[in-house]
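The values are calculated or read from the model by the stated rules, or taken from the named source; none is laboratory data. As the structure is a prediction and not an experimental result, all values here were calculated from the model. Every residue, glycine among them, receives a Cβ derived from its backbone with ideal geometry; neighbour counts consider all protein chains shown. We work out accessible area using only protein heavy atoms, side chains counted, and drop any ligands, DNA or RNA first. Shrake-Rupley method; radii C 1.70, N 1.55, O 1.52, S 1.80 Å.
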Amino acid sequence: QVQLVESGGGLVPPGGSLRLSCAASRSFSSANVMGWYRQAPGKERELVATVATTGSTNYPDSVKDRFTISRDNAKNTVYLQMNSLKPEDTAVYYCTIRYTFASYWGQGTQVTVSS
């Protein structure tokens with residue numbers, strides 16, 4: 001079993017910043033791709049960011065230049081740094097990791113951007 005535990009969500013005013021963390025119970029040695037998704041009420045789940053073993057990253061235009069995904073192999077943790085947050089960023093954020101044998105999802109952490 002692989003457990004993904006997310007943290008770092010909360011309430012932040014527009015223009016503020018948050019850093020989300022996702023700690024995996026299994027080594028990243030067998031992980032191929034790590035990523036973050038989000039889902040707002042009444043909307044479909046959407047991709048926020050991914051980082052591959054090669055180090056390449058991918059972001060949609062909605063968050064590009066504001067969000068940054070990174071990883072720490074020694075800590076088996078993936079991060080999402082979110083800057084210049086907007087109300088439309090409000091959603092539940094989910095961490096996902098694709099291992100060679102299966103993919104796993106975190107429980108989700110709420111991010112609310114409001115004054």
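Since only Q1, G55, N32 are under comparison, the one whose Cα sits farthest along the positive direction of the charge dipole of the chain, derived from C-beta charges on Lys, Arg, Asp and Glu, is Q1. Placing dummy labels 7 Å off each Cα toward the beta-carbon, the span from E46 to D65 is 1.7 nm. Counting heavy atoms of the protein chains alone, I69 has an accessible area of about 10 Å² for a 1.4 Å probe. Summing Cβ point charges (Lys, Arg +1; Asp, Glu -1) relative to the Cα centre of the chain gives a dipole of roughly 200 debye. Note on the chain: GNM, Cα springs under 10 Å; of S21, S84, S62, the largest mean-square fluctuation is that of S62.
Within the chain, which is the longest segment that contains none of the trypsin sites (Lys or Arg not before Pro) sitting in a DSSP loop with at most 16 other Cβ atoms within 10 Å?
Working: sites that count: R26, K43, R45, K64, R66, K75.
The reported range is 76-115.
The residues of the chain present an accessible area of 53 Å² per residue when probed at 1.4 Å with all protein chains retained.
Counting 0.36 nm for each residue step from S56 to R19 and taking away their Cα separation leaves a gain of 11.3 nm. Each Lys and Arg contributes +1 and each Asp and Glu -1, all at the Cβ; summed about the Cα centre of the stretch 59-115, the dipole is approximately 180 debye.
Ranking of W36, W105 by solvent-accessible surface, largest first: W105, W36 (1.4 Å probe, protein heavy atoms only, all chains present).
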